[in-house]
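Data first, discussion second: the structure below is written as structure tokens.
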Amino acid sequence: MCNQFTLPTYSLLKKYLQTELALPLVDYEQDFSSHDIFPGHTAPVLLYDHEKLQLVDKTWGYPSPVDAKKLLFNARIERFYEAKPSLWDHSFKRQRCLIVCQSFYEYGPERIKKANGRYYRQQYQFYNEHEPLTLVAGIYDQDRFSMVTTAPNKTMAPIHQRMPLVIEPNELRRWLFQNFTSLIDRSQIQLTATKVTSK
């Protein structure tokens, strides 16, 4: 499951949304630098709120209804279509957002041996090769958000059995406001995957 993404600088994010995508974005209250976001961290996510498209700070991960100390930070999009009610249902219906990132990360199945004799799983970095930034589907509830995942495409499949639901710029409105069923299949999305060198 995806548990890391890189937030771009505010200036780069603003340029992409306002200038390149021509979105009527409300100015964010403060500047921020590029840094990695993990579950439990707070990050600005893009949502339509009070009739405005704006960045709003939310914490990554819903508290688990079974164990409040655990965070549920990935939401399977297929869960919305299952008959059994889920934690995510209301958010999928009414509270969708977008995570704007430079890249996201996933661990593959390979085990690499370090010089100290310990093994680690190979990590990969992914990004949308045709856009300066990558848009990922998200949902939120109050001050929390979760990343939406779907079945992997050909780039992700050899590495992991799930992938973040990457959104193309021309699909942005469909995810935020409309029926999103056509977005479940991400086989046509072209991602670049690079190995992350272990320190």
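Does Ala75 satisfy the condition of being under 21 Å from Pro164 (Cβ atoms) and of a type outside the set (S, T, N, Q)?
For Ala75, the condition - under 21 Å from Pro164 (Cβ atoms) and of a type outside the set (S, T, N, Q) - is met.
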Item checked: Residue that is nearest to Glu51 (Cα to Cα), among those in region 1-30 that are touching a helix residue (DSSP H, G or I) at 6+ places or on another chain (Cβ under 9 Å) and open to solvent by 80 Å² or more (accessible area, probe 1.4 Å) -> Pro24
Next item on the list: Starting from region 142-157, take each residue that is surrounded by 18 or more Cβ atoms within 10 Å (Cβ to Cβ) and list its partners that are in a loop (DSSP other than H, G, I, E, B), counting only C-beta distances under 6 angstrom and pairs at least six apart or across chains.
Entry: Ser146/Phe73; Met147/Cys2; Val148/Leu165; Thr149/Arg162; Thr150/Leu165; Thr150/Ile184; Thr150/Arg186
Next item on the list: Would you check which residues across region 65-76 are over 26 Å from Thr181 (Cα atoms) and either open to solvent by less than 30 Å² (accessible area, probe 1.4 Å) or among the hydroxyl-bearing types (Ser, Thr, Tyr) (or both) and list them?
Entry: none
Checklist line | Residue list for region 112-133, restricted to those being open to solvent by 60 Å² or more (accessible area, probe 1.4 Å) and of a type in the set (Phe, Trp, Tyr) | finding: Tyr119, Tyr127
Next item on the list: Just need a number here: residues in region 80-95 that are closer than 21 Å to Leu135 by Cα and open to solvent by 30 Å² or more (accessible area, probe 1.4 Å).
Entry: 4
Check: In region 158-199, what count of residues is obtained for those that are part of a loop (DSSP other than H, G, I, E, B), without any contact (Cβ under 8 Å) to a residue 24 or more places away in the chain and in contact with a helix residue (DSSP H, G or I) (Cβ under 7 Å, 6 or more places away or on another chain)?
Finding: 0
Check: Would a scan of region 101-111 turn up a residue that is over 30 Å from Leu25 (Cβ atoms), open to solvent by less than 30 Å² (accessible area, probe 1.4 Å) and not polar (S, T, N, Q)?
Finding: yes
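Considering each residue of region 109-148, count those that are under 30 Å from Leu172 (Cα atoms) and either among the hydroxyl-bearing types (Ser, Thr, Tyr) or in a strand (DSSP E or B) (or both), and give that number.
Of the residues in region 109-148, 19 are under 30 Å from Leu172 (Cα atoms) and either among the hydroxyl-bearing types (Ser, Thr, Tyr) or in a strand (DSSP E or B) (or both).
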Next item on the list: Determine if region 82-91 includes at least one residue that is within 22 Å of Thr6 (Cβ to Cβ), touching a strand residue (DSSP E or B) at 6+ places or on another chain (Cβ under 8 Å) and modelled with pLDDT of 90 or more.
Entry: no
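The values are calculated or read from the model by the stated rules, or taken from the named source; none is laboratory data. Computed from a predicted structure; not experimentally measured. Here Cβ is always computed from backbone atoms with ideal geometry, including for glycine, and neighbour counts include all displayed protein chains. For accessibility, only protein heavy atoms count, side chains too; no ligands or nucleic acids. Shrake-Rupley method; radii C 1.70, N 1.55, O 1.52, S 1.80 Å.
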